[in-house]
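Asker: Okay, handing you the structure first.
The values are calculated or read from the model by the stated rules, or taken from the named source; none is laboratory data. Everything numeric in this text was worked out from a predicted model, so none of it was measured. As a convention, Cβ positions derive from the backbone with ideal geometry for all residues, glycine included, and neighbour counts pool all protein chains shown.
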Amino acid sequence: MTALGWADVRWLHVEGRYNYEALHTGSVFLGMRAAWSSLVRLKITPMLGGTFGDLVGLVPALRFSLGWWKLDLSSESEFVVDLHDASRSFFYDWTELGFSPLGWLRVGAVMERDQIIQNSLLVQRGLFAGVSLHFVSLTLYEFNIGWASPTFVLAASATF
């Protein structure tokens, strides 16, 4: 099970995770958030973090989202520098292209490059569908159907 939480206070972004970059590993991040909004909405959050546990590392990261009409593109990318063994350093990315036909429904495509899902594919790809009610959201992701053994991820979130 992966857990993560974050808080944004004005421009400051603080984030903590567990089992995200690697199993039995925690991570913490600090970042600065910037946003622009008009016809096109853009949010950018450069972050610097570190991992501890089975993986000890330094992690520069970038999160961004771009939205227009009912379409959105979001991505979180990071480079994990393993401080014990530089040859184990890796690039991580989670990118979504979403469409929200209704205010409570979001569907789309997702791709992920990580170290947790173990199969023959360098990049996991799939589809997702999510629903929101007030401040709670549930999203189901499926990866790799037709390419490798399928993997399913269920994400639950609450916004305050």
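Asker: Filter segment 7-27 down to residues that are at positive phi and in contact (Cβ under 8 Å) with a residue 24 or more places away in the chain and give me whichever is farthest from the chain's Cα centre (by Cα). Don't jump to the end; show me each part of the working.
Answerer: Here is the first cut: in segment 7-27, the residues at positive phi are 10, 19, 24.
From what's left, in contact (Cβ under 8 Å) with a residue 24 or more places away in the chain: 19, 24.
Working: N19: 13, H24: 18 Å.
If we take residues in segment 7-27 being at positive phi and in contact (Cβ under 8 Å) with a residue 24 or more places away in the chain, then H24 is farthest from the chain's Cα centre (by Cα).
Asker: Still on this structure, I have one more. Between L39, L30, L48, L4, which is without any contact (Cβ under 8 Å) to a residue 60 or more places away in the chain and over 18 Å from the mean Cα position of the chain (by Cα)?
Answerer: Values: L30 fails: over 18 Å from the mean Cα position of the chain (by Cα); L48 fails: over 18 Å from the mean Cα position of the chain (by Cα); L4 fails: over 18 Å from the mean Cα position of the chain (by Cα).
Unique residue meeting the criteria: L39.
Asker: For segment 79-117, name all the residues that are part of a loop (DSSP other than H, G, I, E, B) and closer than 30 Å to F52 by Cβ. Spell out how you get there, then give the answer.
Answerer: First, the residues of segment 79-117 that are part of a loop (DSSP other than H, G, I, E, B): 83-85, 89, 103-104, 114-117.
Those that are part of a loop (DSSP other than H, G, I, E, B) and closer than 30 Å to F52 by Cβ: L83, H84, D85, S89, D114, Q115, I116, I117.
Asker: Does segment 41-82 hold any residues that are closer than 20 Å to R10 by Cβ and of a type in the set (K, R), and which are they? Lay out the reasoning, then the answer.
Answerer: Step one: filter segment 41-82 for residues closer than 20 Å to R10 by Cβ, giving 41-49, 61-65.
The answer is R41, K43, R63.
Asker: Residue by residue through segment 146-160, note down the ones that are modelled with pLDDT of 85 or more and either aromatic (F, W, Y) or part of a loop (DSSP other than H, G, I, E, B) (or both). Full working, then the answer.
Answerer: Within segment 146-160, the subset modelled with pLDDT of 85 or more is 150-159.
Across segment 146-160, the qualifying residues are P150, F152, T159.
Asker: Still on this structure: Could you tell me which residue of segment 123-152 is nearest to S65 (Cα to Cα), considering only residues that are among the polar types (S, T, N, Q) and surrounded by fewer than 17 Cβ atoms within 10 Å (Cβ to Cβ)?
Answerer: Of segment 123-152, the ones among the polar types (S, T, N, Q) are 124, 132, 137, 139, 144, 149, 151.
Subsequent filtering for residues that are surrounded by fewer than 17 Cβ atoms within 10 Å (Cβ to Cβ) retains 137, 149.
Working: S137: 18, S149: 30 Å.
In this case the residue turns out to be S137.
Asker: Then there is this: Against the condition over 17 Å from G67 (Cβ atoms) and either touching a residue at least 12 places away in the same chain (Cβ under 8 Å) or not in a strand (DSSP E or B) (or both), how does S120 come out, does it pass? Let's see the steps before the verdict.
Answerer: Values: over 17 Å from G67 (Cβ atoms): yes; either touching a residue at least 12 places away in the same chain (Cβ under 8 Å) or not in a strand (DSSP E or B) (or both): yes.
Yes, satisfied.
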